[in-house]
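The values are calculated or read from the model by the stated rules, or taken from the named source; none is laboratory data. None of these values were measured; they are calculated from a predicted model. With ideal geometry, Cβ positions are generated from the backbone for all residues, glycine too; neighbour counts draw on all protein chains shown. Protein only, heavy atoms only, side chains kept; ligands, DNA and RNA dropped before computing areas. Shrake-Rupley method; radii C 1.70, N 1.55, O 1.52, S 1.80 Å.
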Amino acid sequence: MALHKGTGDDRRLAINPFVGAADPLSAMELAPPVHRLADNPVAADTAYQLIHDELMLDGNAKLNLATFVTTSMEIQATRLMTECLDKNMIDKDEYPQTAELERRCVAILADLWHAPAPDDTVGCSTTGSSEACMLAGLALKRRWMQRNADRYAAGARPNLVMGVNVQVCWDKFCTFWEVEARTVPMAGERYHLGAEEAVALCDEDTIGVVAVLGSTFDGSYEPVAEVCAALDALQQRTGLDVPVHVDGASGAMVAPFLDPELIWDFRLPRVASINTSGHKFGLVYPGVGWALWRERAALPEELVFRVNYLGGEMPTFALNFSRPGAEVIAQYYTFLRLGRSGFRAVQGACREVAVYLAGQIEALGCFRLLTRGDELPVFAFTTTDDVTFDVFDVSRRLRERGWQVPAYTFPAEREDLSVLRVVCRNGFSRDLADLLLSDLTRLLPELRSQPRPLKEYGVPARTAFHH
């Protein structure tokens, strides 16, 4: 989360006299401070209205094409979440049925991802895919430490191989747990990890390779099967046995339904673990992710804590302790509600909108597509060489109409490339896509009239990249 510094100003919230229903004049005397606690309470309705009015300044979630996170659920799901807000996921003895629904979700994912022995598959819910990645990384590191106890004690430093396009949580993992991050840079038209490039960075200190099923930079799938095959060949040549973790934050909830022929999951023996984000294409509001290991041996027992707390002994593997059960309940609701055909329909509709919108944007003639939305329902595009505006100008102008379309520069080795990215989530309909196209088309004559990009006039390029 963001770090915020305190402030010493004495700014206060102005209250409309009519907020105080019983006594309009009393509201004028309240004016609670903003950055410190008031001496006295305010009425619940007053507090609600003050916060409600300020939140109107937030962007419209439906028009936020930057985020992968779910922005709408059915009213029945919202009702269930409200009923479960007070349930603590860690207290499995007090809330046994919530714990049972969590186990069912793990079993459903194990089946969806073709675990070889679903009854032997272990998994857990998390606060999101970032925590799930941390847990998977810890398991990889601990397994490497067990295999290389003497060398680790002598100072050998573990490393993790991944593409430079990975989500920032992997950089955090390497920093927090003292693992060397070996990143494969982008090159030419390759915007993610390549199999040969990954193998070239592996050695006896490599704890694993991370393959991303759905890069946040452009929506493309990394070649998981090719990476595994290259690592198989490496083992045959050298004896090095390097496991693979699949970061399926988005794609692990898309590929099983839309790309069933794609081999990326536990069907590949080298895949030791998979994570996904329930609150992305898992179609749940923010706050839930999942981590699964192909077998119990892939999760070192020493990482699992058995805590005698709140009425019973329970195993737990998490970075935090207390958290609400509402999101887990909502995930089970979504699985129960949609089934395979429902997920196929929802994700298919998202992909259809993405492919349609990408094609229409390309047809405008001043944009070049990097991806077309035919893997994740996500695509990235940049401006053609003959226009006098850049992606940051486009993003800035679209924001005037409420559209949040992120513009950002690619990382190492392709820092020359700046793009716009569109995420077509559930709820972003064909009608909304046409409205975006209409606004973009309307803006193009003004953008074309610019002599050159605004950043060349000293206007800062507003960058935005949201995972």
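Summary of values
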{"item": "Residues of segment 251-272 that turn out to be assigned to a loop (DSSP other than H, G, I, E, B) and either open to solvent by 40 Å² or more (accessible area, probe 1.4 Å) or under 26 Å from D241 (Cβ atoms) (or both), as a count", "result": "11"}
{"item": "Some residue of segment 347-361 being of a type outside the set (K, R), within 13 Å of M253 (Cα to Cα) and in contact with a Leu (Cβ under 8 Å, 6 or more places away or on another chain)", "result": "yes"}
{"item": "Members of segment 227-246 found to be open to solvent by less than 10 Å² (accessible area, probe 1.4 Å), more than 19 Å from T276 (Cα to Cα) and not in a helix (DSSP H, G or I), listed by number", "result": "V242"}
{"item": "Selection count, segment 65-116, where residues are aromatic (F, W, Y) and over 21 Å from the mean Cα position of the chain (by Cα)", "result": "1"}
{"item": "Segment 55-70 residues that are surrounded by fewer than 14 Cβ atoms within 10 Å (Cβ to Cβ), paired with ones that are assigned to a helix (DSSP H, G or I) and of a type in the set (D, E) (beta carbon under 7 Å, 6 or more apart)", "result": "none"}
{"item": "Qualifying helices (runs of 4 or more DSSP H) (wholly inside segment 103-192; at least 1 residues being among the charged types (D, E, K, R) and open to solvent by less than 50 Å² (accessible area, probe 1.4 Å))", "result": "129-147"}
{"item": "For R79: the one exception among (1) touching a residue at least 12 places away in the same chain (Cβ under 8 Å); (2) within 17 Å of G287 (Cβ to Cβ); (3) not in a loop (DSSP other than H, G, I, E, B)", "result": "(1)"}
{"item": "Matching residues in segment 163-184 - criterion: being more than 19 Å from the chain's Cα centre (by Cα) and closer than 17 Å to G219 by Cα", "result": "none"}
{"item": "Inter-residue pairs, beta-carbon under 7 Å, first closer than 16 Å to V254 by Cα and of a type outside the set (D, E, K, R) and in segment 95-120, second open to solvent by 60 Å² or more (accessible area, probe 1.4 Å) and not in a helix (DSSP H, G or I), 6+ apart", "result": "H114/R267"}
{"item": "Subset of segment 412-425 that is surrounded by fewer than 17 Cβ atoms within 10 Å (Cβ to Cβ) and more than 19 Å from F389 (Cα to Cα) - its residue that is farthest from the chain's Cα centre (by Cα)", "result": "E413"}
